[in-house]
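Engineer: Would you mind keeping the following structure in view while I ask a few things?
Here, each number is a calculation from the coordinates, and none is a lab measurement. Owing to the predicted nature of the structure, the values given are computational and were not obtained by experimental measurement. We place every Cβ from the backbone using ideal geometry, glycine too, and count neighbours over all the protein chains shown.
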Amino acid sequence: MYLRRYVSGEIIVNPSVFDPDYIPEELPFREGQLDAIAREIAYFVERGVKTNLFLHGPPGTGKTASVRKIFNEINAVFSNVKTIYVNVWQNRTRTAILSAIASALGIPVPVRGFSIPELMEYIERFTEGRKVVLALDEVDRLLSNTDILYDLSRLPSNFLLISISNRPDFLALVDPRISSTLFHSAIEFPRYTVPQLAEILRRRAELGLRPGSYDDAVLRAAAAVGYARGGDARIAIAALVEAAKLAESEGRSKITVDDVKRAKEGLELPVELDPKLNLILSILKEKGPMRSSQLYDEFRKLVPVTMRSFRNYLSQLENLGFIETRRLKTRGNVRLVIPKR
Ligand SMILES: Nc1ncnc2c1ncn2[C@@H]1O[C@H](COP(=O)(O)OP(=O)(O)OP(=O)(O)O)[C@@H](O)[C@H]1O
Ligand SMILES: [Mg+2]
């Protein structure tokens, strides 16, 4: 029986706690952020004081988990508040995002679809007299396609918006009229340290792994993998569970540090890149490091794009660790763009 090895096996007794969608009961090291979000939501619901929130931090620092957790609490505590979670990267167009909001509100969208003004009107009408907390996850991935933010900034005052971004400087990239409405208060999610990741792993292991199948050294090794990849809890958890699967598949009842090392090799970065960013990377891969102006010319042959958007793409790629840019001393503002992997 091959399947048996992986379903509730010798080591992994509760696979569901390692699901990407699993929301842990507790989010250690995020008390301050959770408290700040809860406070603003309570003010909004009880006193009508509205402060839109902007949550930012690197990948795997608990932003989505925190919002989902608070949303579960809102649903348990307030019967008159509607929570809506939309990943704007998965629903990339204005129509897709507004339709996702409409369907979360139970608005029957006809097969032909609705126009944008119709969607806006229905959303407003369906929520009249009710408070709505709307989370917009991964807003920074919209790049230059930020029209939707304009629509959302025009939603009425019964909407509290929580925007989530990897980039702290995202606010500076969008039209100030939009950013001043959408983002009032910023909450930072810093990278986790090794001891923090080890503690997060310990709690997850207690729920999901057989006691005695792991030790502190294993947790620390998996924590170190997450730390090396930017203090990312998602990667630390993946390193642990992949190591557990390796040990299980070899018929052992204990995970070793070596399993974690081997699991690490198999962990590819789970970044789903915008096709335009991929295109820039493929130009760089083919031609090697080049000046940003030259890269812009090459890229522009394939995709019509303004210099401003192009710079935006480059800084995304740099933040994600795919490229490095270096200022060329001799030539004013010109930068050399170097592919990193
Ligand atoms: N403090 C924590 N305690 C327990 N688990 C955590 C904690 N922080 C993050 N995690 C777990 O790590 C994984 C990644 O967290 P999450 O999805 O919230 O990251 P994120 O900040 O939204 O990342 P991204 O920017 O890539 O979307 C999830 O499985 C989550 O449950
Ligand atoms: Mg997230």
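Engineer: When you count, for each residue, the other Cβ atoms within 10 Å and take the mean per peptide, how do 201-210, 217-226 rank with the highest first?
Structural biologist: My ranking of the peptides, most packed first, is 217-226, 201-210.
Engineer: Going by C-beta contacts inside 10 Å, put Leu317, Leu279 in order with the fewest on the left.
Structural biologist: On the way: Leu317 23, Leu279 16.
Fewest-to-most ranking of Leu317, Leu279: Leu279, Leu317.
Engineer: About its Cα centre, what dipole magnitude does the chain give when the only charges are +1 on Lys and Arg Cβ and -1 on Asp and Glu Cβ, stated in debye to the nearest 20?
Structural biologist: On the way: 49 positive and 41 negative charges, 230 e Å.
Using Cβ point charges on Lys, Arg, Asp and Glu, the chain gives about 1100 debye.
Engineer: Now, a different point. For segment 198-341, take the alpha-carbon Rg, divide it by the Kirkwood Rh, and send me Rg/Rh. Please report the intermediate quantities before stating the final value.
Structural biologist: Details: Rg = 20.6 Å, Rh = 17.6 Å.
Expressed as Rg/Rh, it is 1.17.
Engineer: Looking at this model, which pairs from Lys63/Lys340; Lys264/Lys340; Lys276/Lys301; Lys276/Lys340 are more than 23 angstrom apart at the alpha-carbon? Could you put the intermediate results ahead of the total?
Structural biologist: Details: Lys63/Lys340 27 Å; Lys264/Lys340 19 Å; Lys276/Lys301 13 Å; Lys276/Lys340 17 Å.
Table pairs above 23 Å Cα-Cα are Lys63/Lys340.
Engineer: Under the rule a/c < 1.5 gives rounded, and otherwise a/b versus b/c splits prolate from oblate, where does the chain land using the Cα gyration tensor?
Structural biologist: Numbers: a/c = 1.90, a/b = 1.13, b/c = 1.68.
Oblate shape, in that a/c is at least 1.5 and b/c is the bigger or equal ratio.
Engineer: Further, regarding this structure: Between Ala222, Gly32, Gly48, whose Cα lies farthest towards the positive end of the dipole of the chain when Lys and Arg beta carbons carry +1 and Asp and Glu beta carbons carry -1, centred on the Cα centre?
Structural biologist: The listed residue farthest towards the positive side: Ala222.
Engineer: Work out the FRET efficiency for Ala38 and Arg177 from their Cβ-Cβ distance, taking R0 = 30 Å, and round it to the nearest 0.05.
Structural biologist: Values: r = 29 Å, r/R0 = 0.97.
Efficiency at R0 = 30 Å is approximately 0.55.
Engineer: Taking H as built 1.01 Å from N, whose amide H comes closer than 5 Å to the amide H of Asp274, not counting residues under 5 places away?
Structural biologist: Distant-sequence amide H within range of Asp274: zero hits.
Engineer: Would you list which lysines come within 20 Å of Lys261, measuring only between C-alpha atoms, while excluding same-chain residues fewer than 8 positions from it?
Structural biologist: Cross-link targets: Lys245.
Engineer: Related question: Quote the Stokes-Einstein diffusion coefficient, in whole µm² s⁻¹, for segment 275-339, based on the Kirkwood radius over alpha carbon pairs, a temperature of 4 °C and a viscosity of 1.567 mPa s. Intermediate values should be presented prior to the final figure.
Structural biologist: Working: Rh = 11.7 Å.
Roughly 111 µm²/s, to the nearest whole number.
Engineer: Let me ask something else about it. Of Lys261, Lys285, Lys69, how do they rank once you tally other Cβ atoms within 10 Å and put the fewest first?
Structural biologist: On the way: Lys261 14, Lys285 10, Lys69 20.
Lowest to highest Cβ neighbour count: Lys285, Lys261, Lys69.
Engineer: Rank by packing, highest mean first: peptides 51-59, 297-305, 167-175, 10-18, with packing defined as the count of other Cβ atoms within 10 Å averaged across residues. Can you show the working numbers first?
Structural biologist: On the way: 51-59: 20.8, 297-305: 12.9, 167-175: 16.0, 10-18: 17.6.
Output ranking for 51-59, 297-305, 167-175, 10-18: 51-59, 10-18, 167-175, 297-305.
Engineer: Now a separate question. In segment 31-188, if the dipole is taken from +1 on Lys/Arg beta carbons and -1 on Asp/Glu beta carbons about the Cα centre, which of Val86, Pro108, Leu173 is farthest to the positive end?
Structural biologist: Sorting the options by dipole projection puts first Pro108.
Engineer: What is the extension gain from Ser249 to Tyr22, computed as 0.36 nm multiplied by their sequence separation minus the C-alpha to C-alpha distance, in nm to one decimal?
Structural biologist: Working: separation 227, 0.36 × 227 = 81.72 nm, distance 2.37 nm.
Answer, rounded to one decimal: 79.3 nm.
Engineer: In addition: Just from its helices, what would the mean residue ellipticity at 222 nm be for the chain, if runs of 4 or more DSSP H residues each count -39500 (n - 2.57) and the sum is divided by every residue, rounded to the nearest 500 deg cm²/dmol? Mind showing how you got there, number by number?
Structural biologist: Details: 14 runs with 159 residues, N = 341.
Taking each H run of at least 4 residues, the total per residue is -14500 deg cm²/dmol.
Engineer: Principal axis extents for segment 31-188, Cα atoms only, whole Å, descending order, please.
Structural biologist: For segment 31-188, the Cα extents along the three principal axes come out at 44, 37, 27 Å.
Engineer: What percent of all Cα-Cα pairs in segment 120-168 falls into each 5 Å bin, going from 0 up to the bin containing the maximum distance?
Structural biologist: Pair shares across the bins are 5, 18, 28, 24, 14, 9, 3.
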